[in-house]
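Visitor: Sharing a structure, written as structure tokens. Questions coming.
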Amino acid sequence: MSALNPASHGGLSKPALPFSPVTPLIFAALIASYFLFPNHLALATQILVLMIFALSYDLLQGHAGIVSLGHAVFLGLGAYGSAILARWGFTDPLLGLAAGASISALVALVLSPIVVRGSDFTRLLVTLGVASLIHEAANRMRDLTGGADGLADFEVAPLLGLFAFDFEGRTAFLYALTVFALVYAALWRVTTSPFGLALRGIRENSRRMPAIGSPVARHLAVSYLLSGAIAGVGGALLAQTSRFASLDMLGFERSAEIVMVVTLGGTGHIAGVSIGAAAFGLVKDALSTVSPRYWQLGLGVVLMASVFLARGGIGGLIERFGRFGRRA
Amino acid sequence: MTAALATTALSVRFGAFQAVRDVSLSVRAGARHALIGPNGAGKTTLVHALTGSVKPAAGRILIAGEEATGRSEAQRVHMGLARTFQINQLFRNLTVLDNVLLAVLERNRRTAVFWRSVRNDRAALDEARSCLAFVNLLALAERPVAALPYGSQRLLEIAIALAARPRVLVLDEPAAGVPAAESAAIFERIHALPASLTVVFIEHDMGLVFRFAERITVLVAGQILTEGTPAEISADPRVREVYLGRRGDHAA
Ligand SMILES: Nc1ncnc2c1ncn2[C@@H]1O[C@H](COP(=O)(O)OP(=O)(O)O)[C@@H](O)[C@H]1O
Ligand SMILES: [Mg+2]
């Protein structure tokens with residue numbers, strides 16, 4: 001497939017190539033981890049969810065240029081959506097994914113008119129405000145959401161009716177890996193589509209866009225909706241693979257965390273963001289088993305490094321390295 | 001015959017300051033119509049109001065007889081009104097080709113497509129290339145805009161506007177900041193535009209205005225001072241006073 005050939009992408013303007021030769025390495029590492037760390041598949045699955053969530057937020061911030069401090073709302077809605085559906089007896093995992101995507105897309109659709117308009121600052125406040133409203137609503141609706149205790153009393157049927165979710169988490173990992181691959185491919189496609197070009201246009205010169213007849217607000221609303229739907233898929237996957245849905249999945253900490261993850265990975269760079277999310281998940285797990293305080297300290301250092309030393313994050317490093325390699 | 005572009009008693013205010021005052025303008029289809037006037041006369045503001053990036057305080061705008069006053073800037077483009085900017089408004093980190101391709105895709109309303117590669121749209125690519133060929137930029141199609149010489153960037157401004165396939169094209173100082181030798185080349189391209197296209201342009205160089213315009217509107221302090229043929233305008237003592245007065249004894 002020519003889609004997998006980075007050279008075929010050369011037509012789109014150069015900076016911030018969304019598809020990079022690093023992509024095969026990412027998937028090779030993910031597949032290798034299945035064989036190399038069979039005892040850590042639960043962690044690996046959580047990291048895949050984080051990678052999906054990061055890609056969904058990158059579509060919003062990196063490609064559409066919309067900052068949000070409430071993106072975890074869509075992760076949480078996806079998690080609750082699939083968990084609640086499973087509690088009602090609809091335990092098919094793919095149905096759960098579809099439900100997670102739909103409910104998040106629906107809420108994004110409702111919110112988009114207020115998020116799309118306004119400056120970065122108003123967007124931060126609005127998304128923050130909406131997120132805390134939804135968090136509180138989920139907390140109050142105990143019958144539906146389990147309140148502070150969350151939801152754990154649901155089943156997940158075998159995938160495609162064939163592959164049961166085993167105790168070692170093998171099915172869960174391979175399931176998450178497949179969904180990640182699909183999301184990765186989908187994002188690559190979206191960002192190299194006519195729609196993706198329009199998003200680049202908005203970031204490059206939002207003033208010129210209406211002067212060429214562009215429905216800027218609609219473009220932004222569509223990317224908000226797509227981004228919400230993908231986060232919803234991630235949330236559903238999280239609930240299904242961890243057998244748990246809880247308030248923290250739509251909380252502020254997750255929303256803030258994903259902004260950091262995407263900054264570290266390099267906004268607008270799909271491969272960089274994926275690697276950034278994986279690195280973040282690994283380091284967080286390693287440091288927080290030592291001490292939560294180390295984690296906070298490490299996080300601070302890594303973030304400052306990514307802002308001051310490596311502009312453009314990991315994606316920026318990949319691009320610079322790639323250019324260096326081509327010259328040599 | 002209905003005018004290609006018309007305004008009635010159009011006014012624009014910035015707070016207490018009235019930048020455009022009671023402008024009633026009628027541009028015939030296929031015209032080459034110049035808008036002149038000293039700096040700060042309100043020419044650019046009038047263009048903003050025509051195209052919809054600034055909301056008028058009063059008055060109406062008609063495009064080919066159709067009411068455009070309440071329409072958004074993007075809607076007016078789809079009604080057939082495109083413009084260029086006095087200060088370049090380009091997509092600087094995109095290639096020259098992608099700048100024009102984006103405009104073609106927006107006109108086609110193809111930018112809603114997110115499931116196919118932008119490179120698959122052969123028809124749109126061909127059209128973008130033909131817009132570039134018209135302004136002699138095809139050889140630079142794969143360059144990023146930021147690497148383009150300034151004069152070529154001014155031509156790209158025009159190519160992007162042409163990609164909207166306008167019926168009326170408004171050019172705000174298309175040769176602004178370009179050395180005299182190159183500005184003639186830019187106007188030569190404007191002159192080569194199809195005769196059916198209505199062109200309104202702002203220009204300071206009177207030589208170019210008299211050479212390329214068949215009708216001239218003079219704007220002073222937001223108001224129309226007069227309108228006429230090049231011969232009438234060059235003979236009008238009030239116009240001479242505005243222009244000579246600025247350069248001459250009133251300059252201090
Ligand atoms: N956004 C704005 N806010 C306030 N005043 C403005 C604004 N834009 C233009 N003006 C003023 O309106 C007048 C007309 O400006 P402009 O339309 O740019 O003139 P021209 O294009 O004829 O040189 C100037 O005095 C300018 O300072
Ligand atoms: Mg001006």
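Visitor: Between residue B:112 and residue B:196, what is the label-to-label distance in nm when each label sits 7 Å out along the Cα-to-Cβ direction?
Guide: In this crude label model, residue B:112 to residue B:196 measures out at 2.7 nm.
Visitor: I'd like the distance between the alpha-carbon centres of region A:17-63 and region B:1-42, rounded to an integer number of Å.
Guide: Using only Cα atoms to place each centre, the spacing works out to 57 Å.
Visitor: Would you tell me the accessible area of residue B:126, worked out with a 1.4 angstrom probe on the heavy atoms of the protein chains, in Å² to the nearest 10?
Guide: Accessible surface of residue B:126 is approximately 90 Å².
Visitor: Here's something else I'd like to know. Arrange the residues A:77, A:94 by how much accessible surface each exposes, largest first, with a 1.4 angstrom probe.
Guide: Heavy-atom accessible area, descending, gives A:94, A:77.
Visitor: Another question about this same structure. At a 1.4 Å probe, what is the % contribution of carbon and sulfur to the accessible area of the protein assembly as shown?
Guide: C and S atoms contribute 63 percent here.
Visitor: Also: For a quick check of understanding: with a 1.4 angstrom probe and all protein chains in place, what accessible area in square angstrom does residue A:25 have, to the nearest ten?
Guide: Surface accessible to solvent at residue A:25 totals approximately 120 Å².
Visitor: Arrange the residues A:188, B:115 by how much accessible surface each exposes, largest first, with a 1.4 angstrom probe. Kindly include the intermediate steps, with their values, before the conclusion.
Guide: On the way: A:188 30, B:115 150 Å².
Sorted by accessible area, descending: B:115, A:188.
Visitor: Can you list the trypsin sites (Lys or Arg not before Pro) in region A:233-328 that are in a DSSP coil and have 11 or fewer other beta carbons within 10 angstrom? Mind dumping the intermediate values first?
Guide: Values: sites: A:243, A:254, A:284, A:293, A:311, A:320, A:323, A:326, A:327; in loops: A:243, A:311.
Here the trypsin sites (Lys or Arg not before Pro) that fit, given the DSSP loop and packing criteria, are A:311.
Visitor: While we're looking at this one, here's another question. Report the label-to-label distance for residue A:160 and residue B:184 in nanometres (one decimal), using points 7 Å from each Cα along the Cα→Cβ vector.
Guide: So the two model labels end up 7.2 nm from each other.
Visitor: Note the buried accessible area between A and B here, summed over both chains, with a 1.4 Å probe, in Å² to the nearest 100.
Guide: When A and B are taken together, about 2800 Å² of accessible area is lost.
Visitor: I've got another one for you. Give the relative contact order (percent, whole number) for region A:2-327; include only Cα pairs under 8 Å separated by 6+ residues.
Guide: On the way: 516 pairs, mean separation 106.7, N = 326.
This gives 33 percent for region A:2-327.
Visitor: Restricting the count to DSSP beta bridges whose residues both fall in the protein assembly as shown, what percent are antiparallel, rounded to a multiple of 5?
Guide: In the protein assembly as shown, DSSP labels about 60 percent of beta bridges as antiparallel.
Visitor: Apply the Karplus parameterisation 6.51 cos²θ - 1.76 cosθ + 1.60, with θ equal to phi minus 60°, to every residue of region A:50-60 and state each ³J(HN,Hα) to the nearest whole Hz, in sequence, with x for glycine and proline.
Guide: Per-residue couplings from phi come out as 4, 5, 5, 4, 4, 5, 5, 6, 5, 4, 6 Hz.
Visitor: Using R₀ = 25 Å, calculate the FRET efficiency as 1/(1 + (r/R₀)^6) where r is the Cβ-Cβ separation of residue A:141 and residue A:117; round to 0.05.
Guide: The computed FRET efficiency comes out at 0.30.
Visitor: FRET efficiency for residue A:29 and residue A:248, Cβ-Cβ distance as r, R0 = 35 Å, nearest 0.05?
Guide: Between residue A:29 and residue A:248 the formula returns 0.80.
Visitor: Still on this structure, please answer the following. Determine the order of A:267, A:45 by accessible area, beginning with the largest, at a probe radius of 1.4 Å.
Guide: Largest to smallest exposure gives the sequence A:267, A:45.
Visitor: Sticking with this one: Give the distance, in whole Å, between the Cα centre of region B:116-142 and the Cα centre of region A:139-167.
Guide: Each part's Cα centre sits 52 Å from the other's.
Visitor: Can you compute the charge dipole magnitude of region B:91-165 about its Cα centre, using +1 on each Lys and Arg Cβ and -1 on each Asp and Glu Cβ, nothing else charged? Give it in debye, rounded to the nearest 20.
Guide: Numbers: 11 positive and 7 negative charges, 29 e Å.
My answer is approximately 140 debye.
Visitor: Now, a different point. Counting only heavy atoms of protein chains, what accessible area per residue, in Å², does region A:2-327 have with a probe of 1.4 Å?
Guide: Ligands and nucleic acids excluded, the result is 44 Å² per residue.
Visitor: If you don't mind, another one. Compute the long axis of helix B:96-108 from its Cα atoms, compare it with the longest principal axis of the Cα atoms of chain B, and write down the angle in degrees, 0 to 90, nearest 10.
Guide: Computed tilt is about 80 degrees.
Visitor: Along the Cα→Cβ direction, 7 angstrom out, place labels at residue B:206 and residue B:60. What is the inter-label distance in nm?
Guide: 3.7 nm
Visitor: Need the C-alpha centroid separation for region A:256-328 versus region B:199-230, integer Å.
Guide: 57 Å
Visitor: Report, in degrees rounded to the nearest 10, the 0 to 90 angle that the Cα long axis of helix B:237-247 makes with the longest principal axis of chain B.
Guide: Approximately 70 degrees, to the nearest 10.
Visitor: For a quick check: with amide H placed at 1.01 Å from N, whose amide H comes under 5 Å from residue B:219's, ignoring anything fewer than 5 positions away on the same chain?
Guide: For residue B:219, the qualifying residues are B:36, B:37, B:225.
Visitor: Ignore the peptide's own chain and count Cβ atoms of other chains within 10 Å of each Cβ in B:83-95; give me the average, rounded. All intermediate terms of the calculation are to be shown ahead of the outcome.
Guide: Details: counts 2, 1, 3, 0, 0, 2, 8, 3, 11, 3, 8, 9, 4.
Across B:83-95, the average partner-chain Cβ count within 10 Å equals 4.
Visitor: Hey, quick one: spin label on residue B:232, modelled 7 Å out along Cα-Cβ, who in region B:1-35 has an amide N within reach, i.e. under 16 Å?
Guide: B:24-29, B:31-35
Visitor: Using Cα atoms only, what is the angle between the long axis of helix B:180-191 and the major principal axis of chain B, expressed in degrees (0 to 90) to the nearest 10?
Guide: Helix B:180-191 sits roughly 80 degrees off the main axis of chain B.
Visitor: Taking a probe of 1.4 angstrom, what is the accessible area of residue B:241 in Å², to the nearest 10?
Guide: Rounded to the nearest 10, the figure is 130 Å².
Visitor: Shifting gears a bit: Take peptide B:225-236, look around each residue's Cβ out to 10 angstrom, count Cβ atoms belonging to other protein chains, and average those counts.
Guide: Working: counts 0, 0, 0, 0, 0, 0, 0, 0, 0, 0, 0, 0.
For this peptide, the per-residue mean of nearby foreign Cβ atoms is 0.
Visitor: Reported to two decimal places, what Rg/Rh ratio describes region A:2-327 when computed on Cα atoms with Rh from the Kirkwood expression?
Guide: Working: Rg = 19.2 Å, Rh = 20.0 Å.
Expressed as Rg/Rh, it is 0.96.
Visitor: Further, regarding this structure: Looking only at other chains, what is the average number of their beta-carbon atoms within 10 angstrom of each beta-carbon in B:143-150?
Guide: On the way: counts 2, 3, 3, 1, 0, 0, 0, 0.
Counting Cβ atoms of other protein chains within 10 Å of each residue's Cβ and averaging gives 1.
The values are calculated or read from the model by the stated rules, or taken from the named source; none is laboratory data. Note that the structure is a prediction, hence the values are computed from the model and not measured. Because the Cβ atoms are built from the backbone with ideal geometry, glycine has one as well, and the counts that use them run over all protein chains shown. Surface accessibility is based on the protein's heavy atoms, side chains included, excluding ligands, DNA and RNA. Shrake-Rupley method; radii C 1.70, N 1.55, O 1.52, S 1.80 Å.
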